[in-house]
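The values are calculated or read from the model by the stated rules, or taken from the named source; none is laboratory data. Keep in mind that this is a model prediction, so the values were computed, not measured. Backbone-built Cβ (ideal geometry, glycine too); neighbour counts: all protein chains shown.
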Amino acid sequence: MQIQIAEKFLSRGRYSQKLLSDDMSAIENLYRSNGFRQVKVTSNVEDDYAGRKDELAVSIHVEEGAQTRISSLQILGNTAISDRHTHCPPQFHPRPALF
């Protein structure tokens, strides 16, 4: 995450709409790469958070949707590569999803 909270050494934190947009895109891409094709990432920025002037609260909401998984894959019409090179070896195990 590029957005950073205010802390002892970074008393003002770090926020911009561009940083938030970049963070949301990164989250969306992570979910999509793990099979969540309909993921929706939204945010809410609350100014003067809890009545404190010039403080922000940033919330990021993720709606995953259903995860798409591939149970089998069949290649048809291949004439360039032999069948023995297009089949997964028995020891092949797809990487587990992160979620």
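Taking first residues from the stretch 56-78 that are of a type in the set (Asp, Glu) and part of a strand (DSSP E or B) and partners that are surrounded by 14 or more Cβ atoms within 10 Å (Cβ to Cβ) and modelled with pLDDT of 85 or more, the Cβ contacts under 9 Å between residues at least 6 apart in sequence or on separate chains come to 63/39; 63/41. For residues that are more than 12 Å from the chain's Cα centre (by Cα), among the polar types (S, T, N, Q), within 14 Å of residue 2 (Cβ to Cβ) and not in a loop (DSSP other than H, G, I, E, B), tally how many sit in the stretch 16-55. Of the residues in that region, 3 qualify.
Would you confirm whether or not the stretch 61-81 contains a residue that is within 16 Å of residue 2 (Cβ to Cβ) and either surrounded by 11 or more Cβ atoms within 10 Å (Cβ to Cβ) or modelled with pLDDT under 85 (or both)? No, the conditions are met nowhere in the stretch 61-81.
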